[in-house]
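First up is the structure itself, then whatever we jot down about it.
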Amino acid sequence: MISDRALATAVETGVITTDQAMRLRALEVGRATSGAEPEDDEKLRFVSGFGDIFVTIGIGLFLSASAYFLSALSGPIGMAAGLAAASWGLAEFFTRRRRMALPSIVLLIVFASASYLVALRLFQIGLGGSNISFSNGIPAEGALSHAGAGLMTVLLAAAHYWRFRVPITIAAGTAAAGITALAVISYIAPQFTAHWVTLLVFAIGLAIFALAMHFDLSDRSRLTRHTDIAFWLHLLAAPLIVHPLVEGMIGGQRAFDTPSAVAMLGLFLALGCIAVLIDRRALLVSGLSYAGVAFASLLRDTGLTDSTVPSTMLALGLFVLLLSAGWRPLRALLLGALPDAIARKLPYNAVSANP
């Protein structure tokens, strides 16, 4: 069977067109027997084999030990700089030459995190500050340091993507850009930011979601690297959208009351419809824990205190299983309810929906 990676490479190198790749995939699916492994609508190039896991374990052990010795020899800033350099060096072999998925993801996360910490400390030293604490989700002091560190991380992430082409790099750079924007606004209008931080985070989440949809719509058949980039962007955007919405529902409360619990479950269903329409599950995953808390609150209000936790787990588990089993028919139903001009612009998979 032709692998998705082979099709994606063929499209990106111009061997075949996107339309031809879609036809090949549909042909392969049509020839598959009923006992064949089912196709997934949201494939992720995460692990290509157990070798990925084995190498990742080795990378974790090596970098952890390196962090210990570097910290002892040169302090936190030397440790972070050393980890960034080591991550780049390891990526030269395991990412650029071996093309191993999971090690590449781990190395990118370490590189981006370490780069941010190094840049942050350097800007703090340059600006004469030392406080890196956060308050209400925004920099309490040294906003310019965070803005500079975020911008530097964006540039380093861009260089990393130019060199290695790891899809998650776009999400890492976007996260750094979001931190930069929040820090700049905090520096310009600290009182406004402190009061409206939830709204600002929500706006950043929507912007990232829009960027994710841009990559999704540029590869509607999900055959190229764009679909992997969109996956990581959706994963980043989801909590930034869901958490502010829930904060707005419960206000300053620490728990759901009956009206807010009902509203939360309604929001969860709405997010579920959006997730099905765009064929991405990140929004559902982000809202799942909140839906569980809301459902548990409703159970407590009915007096079922002894079985709240198992009943909640049973209900959520049943919902996830039913949704997973009926994902394709439900998506076809929802797409059919949309105007044709809109439905044809949404992502589709050759095995699950028609263009």
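The values are calculated or read from the model by the stated rules, or taken from the named source; none is laboratory data. It should be emphasised that the depicted structure is a prediction, and the values quoted were computed from it without experimental measurement. Don't worry about glycine lacking a Cβ; one is built from the backbone with ideal geometry, like all the others, and counts go over all protein chains shown. Areas reflect the complete protein model, heavy atoms only, side chains present, ligands, DNA and RNA absent. Shrake-Rupley method; radii C 1.70, N 1.55, O 1.52, S 1.80 Å.
Given the structure, is Arg222 on the phi > 0 side of the Ramachandran plot and crowded, with 23+ Cβ neighbours inside 10 Å?
Yes.
List every residue pair whose Cβ atoms sit under 7 Å apart, with the two residues 6 or more apart in sequence or on different chains, where the first one lies in segment 270-283 and is under 14 Å from Ala332 (Cα atoms) and the second, anywhere, is open to solvent by 50 Å² or more (accessible area, probe 1.4 Å).
Between residues of segment 270-283 that are under 14 Å from Ala332 (Cα atoms) and residues that are open to solvent by 50 Å² or more (accessible area, probe 1.4 Å), the close pairs are Ala275/Arg281; Val276/Leu330.
Give just the number: which of (1) at pLDDT below 95; (2) closer than 30 Å to Thr13 by Cα; (3) open to solvent by less than 20 Å² (accessible area, probe 1.4 Å) does Gly173 not satisfy?
Answer for Gly173: the failing condition is (1).
If I ask for residues that are open to solvent by 30 Å² or more (accessible area, probe 1.4 Å) and free of Cβ contacts under 8 Å to residues at least 12 places away in the same chain, which ones from segment 68-97 would you list?
Tyr68, Phe69, Ser71, Ala72, Leu73, Ser74, Ala85, Gly89, Glu92, Phe93, Arg97
Tell me whether segment 133-141 contains one or more residues that are open to solvent by 60 Å² or more (accessible area, probe 1.4 Å), over 26 Å from His243 (Cα atoms), among the charged types (D, E, K, R) and at pLDDT below 95.
No, because not a single residue in segment 133-141 is open to solvent by 60 Å² or more (accessible area, probe 1.4 Å), over 26 Å from His243 (Cα atoms), among the charged types (D, E, K, R) and at pLDDT below 95.
Yes/no matrix, rows are residues, columns are (1) open to solvent by 70 Å² or more (accessible area, probe 1.4 Å); (2) in contact with a strand residue (DSSP E or B) (Cβ under 7 Å, 6 or more places away or on another chain); (3) more than 13 Å from Ile278 (Cα to Cα); (4) at pLDDT below 80:
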site	(1), (2), (3), (4)
Gly303	no, no, yes, yes
Pro310	yes, no, yes, yes
Leu322	yes, no, yes, no
Ala343	no, no, no, no
Asn349	no, no, no, yes
Ser352	no, no, no, yes
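Whether any residue in segment 185-204 is crowded, with 22+ Cβ neighbours inside 10 Å, among the hydrophobic types (A, V, I, L, M, F, W, C) and at pLDDT below 95 is what I want to check.
The answer is no, given that none of the residues of segment 185-204 is crowded, with 22+ Cβ neighbours inside 10 Å, among the hydrophobic types (A, V, I, L, M, F, W, C) and at pLDDT below 95.
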